[in-house]
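Notes follow once the structure below has been shown.
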Amino acid sequence: MAMELLRVAVIGAGAAGLCAARHVLSRPERFAPPVVFELTANVGGTWRYQERVGPDVRCSMYKNLRTNLPKEVMMFPDFPFNQQLNSFLSHQDVRRYLEDYCRQYRIRPHIRFHSAVEEVKPAVVTTEDGENRTRTTWEVTACDTSGCRTTATFDAVFVCSGHYSEPNIPSVPGLENFKGQVLHSHTYRSAEPFSSRSVVVLGAKASGIDISLELAKAGAQVTLSHRGPPLVAALPAEIRQSSPPVAVQDDGRICFQHVAFQDGSVRAADVLLFCTGYNFSFPFLDGGRLGLELEEQLVAPLYRFMMPPAFPSLVFIGLCKSICPFTNFHCQVQFALGALAGSPALPSRAQMAAEARLALQKKADGGAARRHLLVMGGDQWEYLAELAADTGFAPPPPVVRSLFEEVWRQRGLQPDSYRKLNYRLLNDTQWQVVDTA
Ligand code: FAD
């Protein structure tokens, strides 16, 4: 008897959703063509730059952003970027790349644009094979722009809705006293409006540092305020570093706003710019029903950082942070599709739950705060290698890790100039610098 094809819903047509759709389509013997639900009118997700900001704009890119990974590392392992491009790309380059990927793998006909997923609900069905076995199906309700709601049933759902759209703004006592402009990097587009103003940038991760450099070049006086020890990076003199704010003081007599710092200094500022990252948000899921804790900085427990043990046919792609994103999507998607098709076989629910808990416990034992439990960093390579070995696809070659780590190191030392280098992969283990851009 012919095997019934599995029906897969994919939420989102960004890099992760396109990757999921591409691999579903590559296995027509096991999977029906996917249905990709996409909120907007386009593919590319966060790489589709929008000048406009507003509650309905999910884009978190800024105008002059260049990638912080070279294309040789950033690419999907089976789909190189255009050879003519420099290693570090504009957001337009990445958008075009994702459009090419969509074209190459004929994904577009399977995307329902302007289709916002509002609810994903598990339903238990009993199979009619005489053995009374049960399996989970998923009811996915989506709404189009005219307000018309439809519900369809699937065997699996890939959650590829991204997690860089909901700004995380840590609480700063007295913030309401600040009389200048408060914004988050989500709505920052360019430095020009801030030239000759004094800007306190909160957070010194990739965006905080990049934006501080842009602001300094545009003539702003920048205070880069962060928790860590002083950065060793070569920063221009216009950027001074500070510890995090403890409060904004109320001082109506002075025309400049004041920001109080833990080191005791009180400084004036026109602008407070939060580069403090993003929160998870899955309004279409009911965490309690799925046995999941859905927090702003954590989704747990997830087997292999992807699947709720009680509902392994619900798959989160790309949740972890400090990863090589496209490579991660490529590996996670193949593991998950393999598991749905029965190879690799998943352990029992109890074993998956125990393994998921253990993975987080290891991170906590290593000193990670709860909000950092999904930060992968150096652990990502072993993780990807295990997914590959269990499923039987080729793991990312060692050269990807080697170049990723080299660029990470360069970024720490020379945040303003590391993108001038161009790289070439020579083989599976070696890369070289080819010239300076
Ligand atoms: P997204 O690109 O966010 O796509 C999610 C899609 O889901 C969107 O199209 C959205 O409209 C859709 N969607 C959301 N909710 C729903 C719903 N309910 N119903 C239907 N559709 C929905 N990565 C790198 O590799 N290199 C870099 O240099 C790099 N720089 C970055 C710089 C910034 C400022 C940011 C914010 C991110 C950067 N990233 C970088 C990470 C980047 O997020 C990933 O590369 C990748 O694009 C994430 O893809 P995604 O598909 O998971 O999410």
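Brief remarks follow.
- Filter result (farther than 30 Å from TRP138 by Cβ, modelled with pLDDT of 90 or more and open to solvent by 30 Å² or more (accessible area, probe 1.4 Å)) within region 245-288: ASP270, THR276
- Test: LEU387 is over 11 Å from CYS331 (Cα atoms) and in a helix (DSSP H, G or I): no
- Look at (1) out of contact with any Ser or Thr (no Cβ under 7 Å at 6 or more places or on another chain); (2) of a type in the set (S, T, N, Q); (3) farther than 26 Å from LEU25 by Cα; (4) open to solvent by less than 60 Å² (accessible area, probe 1.4 Å) and you find that ASN168 fails only one, number (1).
- Filtered residue count, region 104-124, keeping only those that are hydrophobic (A, V, I, L, M, F, W, C), away from the ligand (no atom under 14 Å from the Cβ) and either open to solvent by less than 50 Å² (accessible area, probe 1.4 Å) or modelled with pLDDT of 95 or more (or both): 1
- Within region 175-202, considering residues that are open to solvent by 10 Å² or more (accessible area, probe 1.4 Å) and small (Gly, Ala, Ser), the one farthest from the chain's Cα centre (by Cα): SER196
- Among residues of region 7-49, those that are more than 7 Å from the ligand (Cβ to nearest atom), in a helix (DSSP H, G or I) and open to solvent by less than 40 Å² (accessible area, probe 1.4 Å), counted: 7
- Cβ-Cβ distances below 6 Å connect the following pairs, each with a first residue in region 66-82 that is closer than 14 Å to CYS331 by Cα and open to solvent by 30 Å² or more (accessible area, probe 1.4 Å), a second residue that is hydrophobic (A, V, I, L, M, F, W, C) and within 13 Å of the ligand (Cβ to nearest atom), and a separation of six or more residues or different chains: MET75/PHE81.
- When the residues of region 83-101 are filtered to those that are open to solvent by 50 Å² or more (accessible area, probe 1.4 Å) and in a helix (DSSP H, G or I), the one that is nearest to the ligand (Cβ to nearest atom) is ARG95.
- Screening GLY342 against (1) on the phi > 0 side of the Ramachandran plot; (2) of a type in the set (Gly, Ala, Ser); (3) within 16 Å of the ligand (Cβ to nearest atom) leaves a single unmet condition, (3).
- Residues that are open to solvent by less than 10 Å² (accessible area, probe 1.4 Å) and assigned to a loop (DSSP other than H, G, I, E, B) within region 289-301 comprise just one, LEU298.
- As a summary of the residue check, ARG66 satisfies the conditions (1) more than 10 Å from the ligand (Cβ to nearest atom); (2) basic (Lys, Arg); (3) within 20 Å of LYS205 (Cβ to Cβ) except for the one numbered (1).
- Condition met for VAL140 (open to solvent by less than 80 Å² (accessible area, probe 1.4 Å), away from the ligand (no atom under 16 Å from the Cβ) and assigned to a strand (DSSP E or B)): no
- Residues that are open to solvent by 40 Å² or more (accessible area, probe 1.4 Å), under 16 Å from LEU319 (Cα atoms) and not in a helix (DSSP H, G or I) within region 358-384 comprise just one, VAL375.
- So LEU403, is it more than 30 Å from TRP138 (Cα to Cα), open to solvent by less than 30 Å² (accessible area, probe 1.4 Å) and in contact with a helix residue (DSSP H, G or I) (Cβ under 9 Å, 6 or more places away or on another chain): yes
- Scanning region 203-231 for residues that are open to solvent by 40 Å² or more (accessible area, probe 1.4 Å) and touching a Leu at 6+ places or on another chain (Cβ under 7 Å) returns no hits.
The values are calculated or read from the model by the stated rules, or taken from the named source; none is laboratory data. Here the structure is a predicted model, which means the values were calculated and not measured. Backbone-built Cβ (ideal geometry, glycine too); neighbour counts: all protein chains shown. Heads up: the accessible areas ignore ligands, DNA and RNA and are worked out on the full protein's heavy atoms, side chains in. Shrake-Rupley method; radii C 1.70, N 1.55, O 1.52, S 1.80 Å.
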